[in-house]
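J.: I am attaching a structure below and will ask some questions about it afterwards.
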Amino acid sequence: MTAAPWLLGMWAEAPSGLAADATALARKASDMPGLMRVSPFSQVPNGGGAMVLCELADAAAASALRSRLPVALAPSPENPALLATSAPTIQTHTLRVAHAPRHSGDLQDAAYVLSVRLYVPDTWREEVRQWLDEEHYRAQITVPGCRWYHGYEPTDGRFNFLNLWGLDSPEVIDQPEWAIARDTPWRERLMPAFADTARSVYRLLPS
């Protein structure tokens, strides 16, 4: 499986039960048409936060899952601390571009994922989109240990770009090659556009 056309993402930046939520969600919503897979992640290095990515086939599945979240993640005797206590940020996304020149591009074809969410004002949005697609991901994907790139755009919520990078290890983004590929004159000129950024590396958990 390559990049899903739709993605529902949940992020909790503080210690929470979000990873356990993913197991409950996968079980309770497994019969939902269009839900392809639920993948839980734990934030590194300290594991304090979590991310859950739900891969979806189409807009109808994304809408159905969003409406079922309160029921699917409702606390129960076997899972008393679910969505109500993890209080994640939740956004629905559509796929803009996916690139995996040397690997399958499957979301789970990487032990670690770098998630970068951007809020960009409307006046900058088209150029940021152009920079991401014409320069940024094409340069970053050449760095050793970077397996794939999935670029999504949310349909709701504050952030308007979601960038996911499949990594062999968290240290990939600490290599000099990563900074060289990232720090270009075009990016420097766009820095005022990045009004808000949420950036973390996550480790894939068994689902």
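J.: Would you point out the residue of segment 79-122, among those that are touching a Ser or Thr at 6+ places or on another chain (Cβ under 8 Å) and part of a helix (DSSP H, G or I), that is modelled with the lowest pLDDT?
T.: Only one residue tops the list, namely Thr85.
J.: Restrict the check to segment 137-151 and report whether at least one residue is more than 25 Å from Ala111 (Cβ to Cβ) and in the same structural domain as Met191 (by TED's automatic domain parsing).
T.: First pass over segment 137-151, keeping only residues more than 25 Å from Ala111 (Cβ to Cβ): none.
Within segment 137-151, not a single residue is more than 25 Å from Ala111 (Cβ to Cβ) and in the same structural domain as Met191 (by TED's automatic domain parsing).
J.: Counting just the residues of segment 36-52 that are touching a helix residue (DSSP H, G or I) at 6+ places or on another chain (Cβ under 6 Å) and surrounded by 18 or more Cβ atoms within 10 Å (Cβ to Cβ), which one comes out farthest from Leu114 (Cα to Cα)?
T.: Val38
J.: Just to be sure I understand, how many residues within segment 127-153 are out of contact with any Phe, Trp or Tyr (no Cβ under 8 Å at 6 or more places or on another chain), of a type outside the set (Asp, Glu) and more than 19 Å from Val172 (Cα to Cα)?
T.: 1
The values are calculated or read from the model by the stated rules, or taken from the named source; none is laboratory data. Quick caveat, the model's predicted, so the values are computed rather than measured. Cβ atoms come from the backbone with ideal geometry, glycine included; neighbour counts cover every protein chain shown.
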